[in-house]
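Here the structure comes first, spelled out in structure tokens, and everything after it is commentary.
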Amino acid sequence: MSRSEALFERARQRMPGGVNSPVRAFGAVGGHPFFVERAKGPYLYDADGNQYLDYVCSWGPGILGHAHLQVVEAVQKACADGLTFGAPCQKEVELAERIAACVPDVEMVRLVSSGTEAVMSAVRLARGFTGRDKIIKFAGNYHGHSDGLLVKAGSGLMTGAVPDSAGVPAGYAQNTLVGVYNDPDSVRRLMEENEGQVAAVVVEPVAANMGVVEPKPGFLEFLRDITQKQGALLIFDEVITGFRLALGGATQATGVSAGLHIFGKIVGGGMPLAAYGGRREVMKCIAPTGPVYQAGTLSGNPVAVTAGLETLKILAEHPEIYERIDRRAARLEEAFLKKGLRVNRAGSLLSAFFAPGWEQGKAACVENYEDACRCDQEAFASYFHWMLSHGIYVAPSQFEAMFVSDAHTEEQIEKTCEVIAAWKR
């Protein structure tokens, strides 16, 4: 028995499924997960001494690669000054200023500890600001595991074949309306049927939890216009896209503004940190300046804030990083296309779908949740284990994204393309 297998057996005795987040359990692809001992640059190293070229990048935060020296040194210094204060510190202010400088829509920011917490808080804020109860989300868009948003969610809920979560009272979800991603008519109909009742439309501006699905031309503009017309807020969930598509996130990449933005993953530089922000008039509704309550002992944690601030500084000082990682992701896209797969790519974020027709080189388009659900998961599992056996780690789910970091070299990208080309079902 390998060390990873032994650790997994121990973990299953004390943690549900042996993991602390469902997709890590390899349930969709079979087998058992490897246990990581350390990570550096583009590589993970497991408990058995194996090295993996990593395209999961901790599910998105690792845009610079693992253990970037400048970030690690800043974090080490911050640790020496204290792990948590429970009081304001200067770097909180600096990170809020940095976020606002990157994303013009964001005039004020509140820092929290996770993407789930940020979305939950932003939805509460939208309801408090508008005085309305209902929200619209989209099938296949995942916004964390707060009760009211576990309705037709993507990510692990798709791979685990669980459409909604047990333990969520019907009343929690009754104010959540579900639209079809990339379908303006579905949103228009929901708005008309619930006129004057919708507080917000929350959307992944580029969906990345049913695999990567880009918005069709005009879709985000439609959401902006209809929410403005109806007096609702448009919320961009940029836990994944924030600072990855561009330094200014989805707004810079698409030209579409939102009422509230949610940031996670990259904004924390690999540490547990997230943020939500928007116009001053909206954000001032949060306590202590307004009636919408939200608090957290570890919000604005000095170590996490340091990692995020340092990461955003590097990205701002080296804009060429975006061109570099986008170009390398495009090279991977070419390799997948040669295998007949459907590839959706937004910058350095991509998914290769085993969509109907892929074996004949005529893979169907994937534009929404239903399209994603038709993909061949058995073929994906075969591909996943092929890649893993060749030292390349991709997400153990057809419905997760592939991430390219600045630590991936041209040579490593070419090696990956060769392994993709050699795969046979």
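Among Leu53, Leu83, which is within 25 Å of the chain's Cα centre (by Cα) and either in contact (Cβ under 8 Å) with a residue 60 or more places away in the chain or on the phi < 0 side of the Ramachandran plot (or both)?
On the way: Leu83 fails: within 25 Å of the chain's Cα centre (by Cα).
That would be Leu53, the only listed residue that is within 25 Å of the chain's Cα centre (by Cα) and either in contact (Cβ under 8 Å) with a residue 60 or more places away in the chain or on the phi < 0 side of the Ramachandran plot (or both).
Please go through (1) over 30 Å from Asp376 (Cα atoms); (2) at pLDDT below 75; (3) among the basic types (Lys, Arg) for Lys152 and return the number of the only condition it doesn't satisfy.
Status for Lys152: all satisfied but (1).
Go through (1) open to solvent by 30 Å² or more (accessible area, probe 1.4 Å); (2) of a type outside the set (Asp, Glu); (3) farther than 30 Å from Leu64 by Cα; (4) free of Cβ contacts under 8 Å to residues at least 40 places away in the same chain one by one and return the number of the condition Gly357 breaks.
(1)
Restricting to the stretch 360-369, name every residue that is out of contact with any Leu (no Cβ under 7 Å at 6 or more places or on another chain) and either at pLDDT 95 or above or crowded, with 16+ Cβ neighbours inside 10 Å (or both).
Matches in the stretch 360-369: Ala364, Cys365, Val366, Glu367, Asn368, Tyr369.
Considering the stretch 248-287 alone, what residues qualify as being aliphatic (A, V, I, L, M), closer than 22 Å to Asn344 by Cβ and open to solvent by less than 50 Å² (accessible area, probe 1.4 Å)? Step through it out loud before you land on a result.
Taking the stretch 248-287 first, the residues aliphatic (A, V, I, L, M) are 250, 253, 256, 258, 260, 262, 266-267, 271, 273-275, 282-283, 286-287.
Filter once more, so that each one left must be closer than 22 Å to Asn344 by Cβ: 250, 253, 256, 258, 262, 266.
Those that are aliphatic (A, V, I, L, M), closer than 22 Å to Asn344 by Cβ and open to solvent by less than 50 Å² (accessible area, probe 1.4 Å): Ala250, Val256, Ala258, Ile262, Ile266.
Answer with yes or no whether Lys216 is within 20 Å of the chain's Cα centre (by Cα) and either open to solvent by 10 Å² or more (accessible area, probe 1.4 Å) or of a type outside the set (Val, Ile, Thr) (or both).
yes
Restrict the check to the stretch 1-9 and report whether at least one residue is of a type in the set (Ser, Thr, Tyr), in a helix (DSSP H, G or I), out of contact with any Lys or Arg (no Cβ under 8 Å at 6 or more places or on another chain) and within 15 Å of Leu388 (Cα to Cα).
yes
For the stretch 235-243, state whether one or more residues are of a type in the set (D, E, K, R), crowded, with 22+ Cβ neighbours inside 10 Å and either within 21 Å of Ile63 (Cβ to Cβ) or over 19 Å from the mean Cα position of the chain (by Cα) (or both).
The first filter runs over the stretch 235-243 and keeps only residues of a type in the set (D, E, K, R), leaving 237-238.
Among the residues that remain, those that are also crowded, with 22+ Cβ neighbours inside 10 Å are: 237-238.
Narrowing the set further to residues that are either within 21 Å of Ile63 (Cβ to Cβ) or over 19 Å from the mean Cα position of the chain (by Cα) (or both) leaves 237-238.
Yes, some residue in the stretch 235-243 is of a type in the set (D, E, K, R), crowded, with 22+ Cβ neighbours inside 10 Å and either within 21 Å of Ile63 (Cβ to Cβ) or over 19 Å from the mean Cα position of the chain (by Cα) (or both).
Just to verify a result, which residue in the stretch 288-307, among those that are hydroxyl-bearing (Ser, Thr, Tyr) and under 26 Å from His68 (Cβ atoms), is surrounded by the fewest Cβ atoms within 10 Å (Cβ to Cβ)?
Among those that are hydroxyl-bearing (Ser, Thr, Tyr) and under 26 Å from His68 (Cβ atoms), it is Ser299.
Every residue in the stretch 24-51 that is open to solvent by less than 20 Å² (accessible area, probe 1.4 Å) and either polar (S, T, N, Q) or not in a loop (DSSP other than H, G, I, E, B) (or both), please. Even if it seems obvious, please write down each step before you answer.
Quick first cut of the stretch 24-51, residues open to solvent by less than 20 Å² (accessible area, probe 1.4 Å) only: 26, 29, 33, 41-42, 44, 46-47.
Hits for the stretch 24-51 are Gly41, Leu44, Asp46.
Which of the residues spanning the stretch 311-331 are in a helix (DSSP H, G or I) and open to solvent by 30 Å² or more (accessible area, probe 1.4 Å)?
Selection gives Lys313, Ala316, Glu317, Glu320, Glu323, Arg324, Asp326, Arg327, Arg331.
Within the stretch 128-144, track down each residue that is within 18 Å of Gln294 (Cβ to Cβ), part of a loop (DSSP other than H, G, I, E, B) and either of a type in the set (Ser, Thr, Tyr) or open to solvent by less than 20 Å² (accessible area, probe 1.4 Å) (or both).
His143, Gly144
Out of Glu195, Glu238, which single residue is within 21 Å of Val112 (Cβ to Cβ) and of a type outside the set (S, T, N, Q)? Break it down stepwise before answering.
Values: Glu195 fails: within 21 Å of Val112 (Cβ to Cβ).
Checking each option against the conditions leaves just Glu238.
Would you be able to say whether some residue in the stretch 84-104 is open to solvent by less than 20 Å² (accessible area, probe 1.4 Å), in contact with a Gly (Cβ under 9 Å, 6 or more places away or on another chain) and charged (D, E, K, R)?
no
Restricting to the stretch 380-425, name every residue that is touching a Phe, Trp or Tyr at 6+ places or on another chain (Cβ under 9 Å), crowded, with 18+ Cβ neighbours inside 10 Å, in contact (Cβ under 8 Å) with a residue 40 or more places away in the chain and closer than 15 Å to Gly30 by Cβ.
Matches in the stretch 380-425: Phe380, Tyr383, Phe384, Leu388, Val394, Ala395, Pro396, Ser397, Gln398.
The values are calculated or read from the model by the stated rules, or taken from the named source; none is laboratory data. Since the model is a prediction, treat every value here as computed from it, not as a measurement. Because the Cβ atoms are built from the backbone with ideal geometry, glycine has one as well, and the counts that use them run over all protein chains shown. To get the accessible areas, we keep the full protein, side chains included, count just its heavy atoms, and leave off ligands, DNA and RNA. Shrake-Rupley method; radii C 1.70, N 1.55, O 1.52, S 1.80 Å.
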